[in-house]
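Engineer: Pasting a structure below so you can have a look.
The values are calculated or read from the model by the stated rules, or taken from the named source; none is laboratory data. Note that the structure is predicted; figures quoted are calculated from it, not measured. Because the Cβ atoms are built from the backbone with ideal geometry, glycine has one as well, and the counts that use them run over all protein chains shown. When the accessible area is computed, the model is the full protein with side chains, heavy atoms only, and any ligands, DNA or RNA have been set aside. Shrake-Rupley method; radii C 1.70, N 1.55, O 1.52, S 1.80 Å.
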Amino acid sequence: MDSLTKFLASIAKEARIIGRDHQALFLFFVMPVLFVLILSLALRDAFGDRPGATFDVLVVSQDRGEVTQSIVDAFRANSHIHLAQSSTASEAEARQWLIDGRYRFVVLVPADATVQAERRLGEIMAKVPPELRQEKPVGLVVLADPALRSDFREVLEGSLNLALHGVEMKLGRNQLEQTLRATQGEQFALPNVENSRLFEPVRGETVTREGSGPTPTSVQQNAPAWTLLAMFFLTVPLSVSFIREREQGSLFRLQTMTVPPWVVLGGKALPYFVINLIQMVSILAVSVYVLPLLGGDRLDLGHAPLALLLIGASASLAAIGFGIVVAMYARTTEQATSFSSATVMIMAALGGILVPKAVMPPLMQDIAVLSPLSWGLDGFLDVFVRGGGIAQVMPEALGLLAFSALCHGIAILRYRNQT
């Protein structure tokens, strides 16, 4: 009972110290929420399928034939392309518009593109040797914004190549039909296959567990990511508070009074554990109720609140354990602050907090498993995106709890050696 009384007194003391630091409380609760709001709104169109994520594409052409029409139809069929057309712009003007950021992708079609393509096809059908053909392949000029991501550029180039392939097929069919009419009579006509496709259009389906939400969105990435980062950044005030008590002699007096290590360390840890859980709840609440009012996506919390509590509590204990072990070995507050901040940022960068793991190269994705923040993020995504429950987040939770136990064990041994 005496130890329990000391434990409660230690908790009350630490809570009073935290409550007096209004600036720290502001950083604890307001800053993570602001980061989630700003980044979720700013990166909304970078995640998933968003109607607002469009590319400004310009087609410059004086050709009025099949080539230009097929290119225009292909681009218009893509909801992510905002198409503009011009028949008078020069290549120099188009380059300048790209530099100015007016367009992201420009296609310049030669004035006689369709006629040139038909002539070349006629030579091919007439079996003219390649070295004797008068018509060269039609050359389109394609210009791209240097800031355009390579994968987006490949999609646009793929759409263009698909449209040109369609032109080749259509012109070839027309040429074949004319040849057959010349031999079998004017009444001959090939079957109309425009509305008779052999295969249905391909539409990919995202596979998730039954009852799960949609594919990852910006808020599904940023809400858990910044929750975890806020939890681990609490290692800075936690370690600094511990070191200050050691410098002021308070910790020495507790040691001389034979206060058990679990009382001293637990009394400091529990208030920060509560703060971490409040942080998590506040960030999730803002992501569910406030973010949609600002035009962002609403966070789907899944169907397993106990799984969220488990992964959140495990991550909090891991963060607290890391903060305590830093406090045990750091000699000054400056050492604790610089080491904690640097280490947390490195773990965040490796763990997919600052940069989503989906865009990392395979080597970095393999390295990410070394970061405790990666375990926590995977646990949250198991619930938000994959529709998982306690069983699905258990591996990540056990990993975080093992990390916490290791840190607390090292801290207790260090504390006893200092007595």
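Engineer: Using modelled amide H (1.01 Å from N, peptide plane; none on Pro or chain starts), what sits under 5 Å from the amide H of residue 105, excluding residues fewer than 5 places away?
Structural biologist: Counting only residues 5 or more places away or on other chains, the set is 58, 145.
Engineer: Amide H neighbours of residue 85 under 5 Å, at least 5 residues apart or on other chains, H built in the peptide plane: list them.
Structural biologist: Hits under the 5 Å cutoff: 59.
Engineer: Also: Which of 387, 372, 342 sits closest to the plus end of the dipole of segment 320-419, meaning its Cα is farthest towards the positive end, when Lys and Arg get +1 and Asp and Glu get -1 on the C-beta?
Structural biologist: Comparing the listed Cα positions along the dipole, 342 ranks first.
Engineer: Quick one: which residues, 5+ away or cross-chain, put their amide H under 5 Å from the amide H of residue 330? H built at 1.01 Å from N.
Structural biologist: none
Engineer: Per residue of segment 296-311, in order, report the coupling 6.51 cos²θ - 1.76 cosθ + 1.60 (Karplus, θ = phi - 60°) as ³J(HN,Hα) in whole Hz, putting x for Gly and Pro.
Structural biologist: Coupling constants for segment 296-311: x, 7, 7, 6, 8, 7, x, 10, 9, x, 5, 5, 5, 5, 5, 5 Hz.
Engineer: Hey, another quick one. Using a probe of 1.4 angstrom, how much of the accessible area of segment 57-146 is carbon and sulfur, in percent?
Structural biologist: On segment 57-146, the fraction of accessible area on carbon and sulfur atoms equals 50 percent.
Engineer: In segment 268-376, what percent of the accessible surface is made up of carbon and sulfur (1.4 Å probe, ligands and nucleic acids excluded)?
Structural biologist: Carbon plus sulfur share of accessible area: 75 percent.
Engineer: Quick one: if the Förster radius is 51 Å, what FRET efficiency do residue 30 and residue 115 give, using the C-beta to C-beta distance and rounding to 0.05?
Structural biologist: My answer for the efficiency is 0.20.
Engineer: Which whole-number value in Å² is the accessible area per residue of segment 275-413, probe 1.4 Å?
Structural biologist: Result: 43 Å² of accessible area for each residue.
Engineer: Tell me, how many Å apart are the Cα centres for segment 276-340 and for segment 63-86?
Structural biologist: 48 Å
Engineer: What is the gain in length, in nm to one decimal, between residue 349 and residue 96 on full extension, counting 0.36 nm per residue of separation less the C-alpha to C-alpha distance?
Structural biologist: Gain on stretching residue 349 to residue 96: 87.4 nm.
Engineer: Taking the solvent-accessible surface of protein heavy atoms with a 1.4 Å probe, what is the per residue accessible area of segment 97-154 in Å²?
Structural biologist: Solvent-accessible surface per residue comes out at 63 Å².
Engineer: With a Förster radius of 25 Å, plug the Cβ-Cβ distance of residue 125 and residue 78 into 1/(1 + (r/R0)^6) and report the FRET value to the nearest 0.05.
Structural biologist: 0.20
Engineer: Could you order the peptides 222-229, 371-378 from most to least packed, using the average number of other C-beta atoms within 10 Å per residue?
Structural biologist: The most tightly packed comes first, giving 222-229, 371-378.
Engineer: Ordered by residue, what ³J(HN,Hα) values in Hz, to whole numbers, does segment 334-341 give under the Karplus form 6.51 cos²θ - 1.76 cosθ + 1.60, where θ = phi - 60° and Gly and Pro are x?
Structural biologist: Coupling constants for segment 334-341: 5, 4, 4, 5, 5, 5, 4, 4 Hz.
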